[in-house]
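Read the structure below first, then the notes.
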Amino acid sequence: MKNKIYVILCLLTLGLFVLITVQEQTHFIEVKPLNGVLYEPEKKPIAIAYMIDGSYQQSLETYLRYNFGFRELFIKSYNQYIWDFYHKTLNYTICIGKDNWLYGLDEVVNYYQSSVYSYTQSCAEMQHKCDLEAQRLYKVQHILDEYGNFIFVSMLPTKTFLYPEYMPENPGLSLEPFHAYQYYPKVFDSLGVNYVNVQEIFQNWKGKVDFPLFPKTGKHWTYIASGYAFDTIERYIEHEGHMNLRNYKMGGKYPDETEYPDNDLEAVLNLWRPIKPNQNYYAMPVLDDDSTAYKPTIIVVGDSFFWNLTRSVPLSYIFSNYYYWYYNSTVHFNPKYDHTSDADILFEILNAKIIDLSYSPEQLFVFSNDFLPKALLYLTHDDSEIDSTLSAIAATVEKENENERMEEARKTLFSAPEHYFPDLATDSVPVTRNSRIPEILAARSF
């Protein structure tokens, strides 16, 4: 009897391994992929040299570890096991707070010890960078005012500073704090820079509104909160930019199953069951039809918080065009190009009535992602001057490929144009202008 049981167990084990192997090779059963950033290891080709030095065996082992059959099911099952029995996760980018509130590790680090040390060596150095960026914005704002363009900053909220009562314990050392979201408003106020402090607005709303401002299991503002927040931002644009836009208001809220990205942190835990209790609310915008309203073009330069607005706000109703320059890198909702490096920045900013620099507190340490220094440079100097400076910088770059040398030159110049154009380093607004500006202004539609 025992021998039969052993034989059956052996056959079942063998059958399981065969099934896993067949799935690995054929994927005959469709399995939903895991959420999050997926790592695809390189599988080296079979070669004697790779076998001798051991790199082929190592690459094959790594490849099989990430590609064996039904891997997704095994990982989700193990994730659910350690969550249920140990209340832990193997995802190092997520911190588990009180009552199952989830926070991003970068947000928690910024809350306790400031993310400044990920970008600079000291708080004083970061303060200098903030001052410099604010000065650039001040100059760009005054130049664009001459041409009827409105640029402003949306200082977005963050979950950690809004709901610290659910925060996990400090995961690291406590260092000298410097929070850009607290520093920038002081500098903006002193310079007269346009900005709206949504973090402050959310602080005032907390405990007074009947909907969640941040989801329990998500990183960004909720759908419904972002809808209400942008209504406030839009009215700020109307007041400070002196324009009448199409308006909307949020309709009645209703409970519903949590939609992505209101659960974007929970999603990358890759569990079988949703975290409970976790009630979220949603609302549909109600349009205010105003035939006298103006539909301008807007460019939004900023972080991932804008994605919620594309779902919760009727942007195509308010704007004739809305272009999203994600971290001033990839471009969305513009069929002309996919990356800001392909854009004629002077043409684009002069043809956008509104420019919104939209950043959450953790991302203010990289505020504008070199949009402002590049915009300031092209507004004040001719393309020929800039091109000759780029060529001179590229000649000093020690790389064999010409494209790589020019790319390095662009990074160098556009991150710190003041080093090469001394008139940009003063506190006053530059008086020179790019000679292409009159031509662009003559052809634009507003």
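Values computed for the structure shown
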| item | result |
| --- | --- |
| Sole exception among (1) under 18 Å from Leu156 (Cβ atoms); (2) out of contact with any strand residue (DSSP E or B) (no Cβ under 6 Å at 6 or more places or on another chain); (3) not basic (Lys, Arg) for Leu265, by number | (2) |
| First in the range 395-410 and in contact (Cβ under 8 Å) with a residue 40 or more places away in the chain, second anywhere and part of a helix (DSSP H, G or I), Cβ under 8 Å, 6 or more apart | Arg410/Ser341; Arg410/Leu390 |
| Exclusive hit being of a type outside the set (Gly, Ala, Ser), assigned by TED's automatic domain parsing to the domain that holds Gln182, closer than 26 Å to Gly302 by Cβ and surrounded by 14 or more Cβ atoms within 10 Å (Cβ to Cβ), set Leu424, Leu413, Leu346 | Leu346 |
| Selection within the range 54-100 - of a type in the set (A, V, I, L, M) and surrounded by 14 or more Cβ atoms within 10 Å (Cβ to Cβ) | Leu60, Leu73, Ile94, Ile96 |
| Exclusive hit being in a helix (DSSP H, G or I), among the aliphatic types (A, V, I, L, M) and within 20 Å of Pro168 (Cα to Cα), set Ile82, Ile75 | Ile82 |
| Among (1) surrounded by fewer than 18 Cβ atoms within 10 Å (Cβ to Cβ); (2) not in a helix (DSSP H, G or I), the one test that Tyr103 misses | (1) |
| Sole exception among (1) more than 26 Å from Ser445 (Cβ to Cβ); (2) part of a helix (DSSP H, G or I); (3) more than 20 Å from the chain's Cα centre (by Cα) for Gln141, by number | (1) |
| Failed item in (1) at pLDDT 95 or above; (2) in a helix (DSSP H, G or I), with Glu404 passing the rest | (1) |
| Within the range 163-185, considering residues that are part of a loop (DSSP other than H, G, I, E, B) and closer than 22 Å to Lys206 by Cα, the one modelled with the highest pLDDT | Tyr163 |
| Pro417, sole failed condition from (1) within 21 Å of the chain's Cα centre (by Cα); (2) within 17 Å of Lys139 (Cα to Cα) | (1) |
| Complete set of residues in the range 354-382 that are over 23 Å from the mean Cα position of the chain (by Cα) and not in a helix (DSSP H, G or I) | His381, Asp382 |
| Neighbours by Cβ (under 9 Å, 6+ apart or cross-chain): first from the range 69-88, among the hydroxyl-bearing types (Ser, Thr, Tyr); second surrounded by fewer than 13 Cβ atoms within 10 Å (Cβ to Cβ) | Ser77/Trp272; Tyr78/Leu90 |
| Single condition Met126 does not satisfy, out of (1) over 22 Å from Glu418 (Cα atoms); (2) modelled with pLDDT under 95 | (1) |
| Count of residues meeting criterion [surrounded by fewer than 20 Cβ atoms within 10 Å (Cβ to Cβ) and within 25 Å of Cys95 (Cα to Cα)] in the range 279-299 | 2 |
| Flag for Ala283 being at negative phi and within 19 Å of the chain's Cα centre (by Cα) | no |
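The values are calculated or read from the model by the stated rules, or taken from the named source; none is laboratory data. Small disclaimer: the values here were computed from a predicted structure and weren't measured. Note that we place each Cβ from the backbone using ideal geometry, even for glycine, and neighbour counts take in every protein chain shown.
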